[in-house]
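Structure first, then comments.
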Amino acid sequence: MDAGITFGRAFLSCTLLLLALQVCSGGVTVKVNPTVEVMKGDAVKLPCTHTVSPPSSTIIAEWFIEEQETRKRIAFRQGGQSKSDEDTPLSNRVSIGEDFTLTITSVQSSDELKFFCQVTAGPAGVGEAATELKVFFAPEKPELTKPSSQAIYVDQPSSSEIGICVSRNGHPQPRIIWFKDDQPLPEVKDRDQKTYMVPSMVKEASGLFTVESKLYMNPTKADKDSKFYCMVEYKMLGGQVQQKKSDSIAINLNYPSATATFSLLNTTPIKEGDTVTMKCETDGNPQPEFDFTKDGKSISGEGGMLVLKSIKRTDAGEYHCNAIDFDNLEAELSGKISLSVHYIDPVSVTPTEPQMVMLGDKVEWQCKTKGSAPHTVQWKKGSEVLSQDGTLSIQEVSYDKAGEYMCVGAVPSVPGLMSQASVNLTVKGKPMIETPAFGQVSKEGEMVTLKCASYGLPAPQFTWKPSGKESVTVEGNKVVSSVTLQATPEIMKSGVSCEVSNEHGTDQKMISVSVKRAAHGNADRADMQQGGSSLVVIAVVVCVLLLLLLVALIYFLNKKSKLPCGKKDKKDVATGDVNNDIVVEMKTEKANEESGLLNKRPSPGQ
């Protein structure tokens, strides 16, 4: 009995083990990505793959989320159809594909949850796997503001609030880092320390995070020029860490004064008429009230600034500033400036009245001035410097010397410091005509305008011969008369007379009128054509002469070869006298005749 029972039990155990092995060798296996990242507002796919053994014809895919340790289905797929569940945070935003991949559109920060993919395959059983969705969104640029209290005092028993930094709407939760003069400050939350931060965080209804940090410090005088700013640091896709920087602020730090400075802000030498600015300040904050004095007399300033407008030479002297800082009564807060004012006296010219002299006479002026530094005196007419010793002398006055002369006194070491005065010279005398320009017309009989300019005082009277339509203008110290008339043959031949006269005499000039010549190019072309024609004629004549000479030579040789042969031998023929007459007649194109006769000396028998 005992042996049978033992065998039966062993057999049953083996059977159950075989059944267990058979079950374990089959079933449903599900695989997903452990983590999937997405930007807020984008769409995302959560892949889900599975294997079923043994194969099953009925497979159901379901996706779940886990909120507060409770699972809730959001979508399922069965029989080739996908449907999202109602009354879930992802209703109408999810769908399941044929490969069981879950697609979520318009991802929100609240979608950062754990998702489960569950596959049911009938007798093969059920399998599932979990994936986490990470949602990212960049926060706004941090805003840095000062506290409502304006001033911060050094050496206070407790730390003061320096600024508040806020960055809104980020995901996941970002953090704030403080900087002073581009150096990060250690993150300290212990309020017993001189420098510490008080952070805070708010999760908005959108699921985004707004972070805030307050900086507290017990600053020293060395921090008076420091710049503070904050930076928000946040995570993005792929493990990237990014930052955004706020604007900078400077703290309004109060500290006592130890010394004072009194400075002149003008950078160039001061001259009469300038505006002078002097500044008194201490090395403390805020600045105390200042008192200004000159030679012991009080002068009113404002906010540490002393401004003197249209300064005079009498304003030169020693200026003082004084201040009292009630936070440091022992400090000596004073300064002084020795102010110099450069000047130049008005120039005096002798004689002062305008000068009127006769043509060819002499004229002379003297000019003097005084200044606070070495100075120069120059006589000028326009931009031309005529004298540099204060004396202007003109030995023989001509009409072109008439006009305004300027005496200029200046201090070269002080730019812009100068004084000047002017005198006028008028020249009287008989008229003098400038060399007039000749007139030109396109053809005889046209209207032409001629100009005649003359110096002279009193103003000369003009007489044109022959006369025409006349107009008179004044140009500087000369008078210009213009006349318009017809270019008649007589005018083309003899010209037009311009005569001027006043009580001191007369002057007269003739102005010629001619026809405008053709352009140089046409004239040169005509000359070239005329020259070319002449060369052709000469060449033809030379050729004719050479031809006639050739004909005469041939004729001469022919006559010589046809002499009568008598009983004389060859020697007699060769040595005998021959008389040959050759007449050449040449005619030119002008019908002139030229003749040439070539004769041999006649023999004694002829």
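Each value in this text was obtained by applying a stated rule to the coordinates, not by laboratory testing. Bear in mind the structure is a predicted one, so any value in this text is a computation, not a measurement. Counting neighbours? That spans all protein chains shown, and the Cβs are built from the backbone with ideal geometry, glycine included.
Quick notes on this one:
- Per-residue ³J(HN,Hα) for region 44-51, Karplus 6.51 cos²θ - 1.76 cosθ + 1.60, θ = phi - 60°, Hz, x for Gly and Pro: 9, 10, 10, x, 8, 10, 8, 9
- Of the cross-linked pairs LYS309/LYS381; LYS189/LYS245; LYS134/LYS245; LYS478/LYS509, those separated by over 27 Å at the C-alpha level are LYS309/LYS381.
- Label point 7 Å beyond Cα of LYS509 along Cβ direction - residues of region 434-471 with amide nitrogen under 12 Å: 434-439, 451-455
- Per-residue Karplus couplings for region 123-136, computed as 6.51 cos²θ - 1.76 cosθ + 1.60 with θ equal to phi - 60°, are listed in order as x, 5, x, 10, x, 8, 8, 10, 10, 10, 9, 10, 10, 10 Hz, Gly and Pro entered as x.
- Note on LYS83/GLU187: beta-carbon distance plugged into 1/(1 + (r/R0)^6) with R0 of 45 Å gives a FRET efficiency of 0.35.
- Largest first, the extents of the alpha carbon coordinates of region 143-254 on the three principal axes equal 46, 26, 23 Å.
- GLN243 paired with LYS493, simple spin-label distance in nm, labels 7 Å along Cα-to-beta-carbon: 10.5 nm
- Gyration tensor verdict on region 277-415 (Cα atoms; rounded if a/c is under 1.5, prolate if a/b is larger than b/c, oblate otherwise): prolate
- Computed E for ARG517/THR376 - FRET, C-beta separation, R0 56 angstrom, nearest 0.05: 0.55
- Semi-axis lengths, Å, region 26-135, gyration tensor of Cα atoms, sqrt of 5 times eigenvalues: 24, 14, 12
- Legend: ranking of residues MET231, MET447 from fewest to most surrounding C-beta atoms inside 10 Å; resulting order MET447, MET231.
- Close amide H pairs (under 5 Å, H built 1.01 Å from N) link HIS504 with no residue at least 5 positions away or on another chain.
- Label point 7 Å beyond Cα of LEU264 along Cβ direction - residues of region 316-353 with amide nitrogen under 11 Å: 316-319, 337-342
- Interchain or long-range residues, amide H under 5 Å from ILE299's placed H: PHE292, THR293, LYS294
- Other-chain or far-sequence residues with amide H under 5 Å of GLN440's (modelled H): SER514
- Remark: region 332-346, residue by residue, has Karplus-estimated 3J(HN,Hα) of 8, 10, 7, x, 9, 9, 9, 9, 10, 10, 7, 8, 9, 6, x Hz, where x stands for each Gly or Pro and the curve is 6.51 cos²θ - 1.76 cosθ + 1.60 at θ = phi - 60°.
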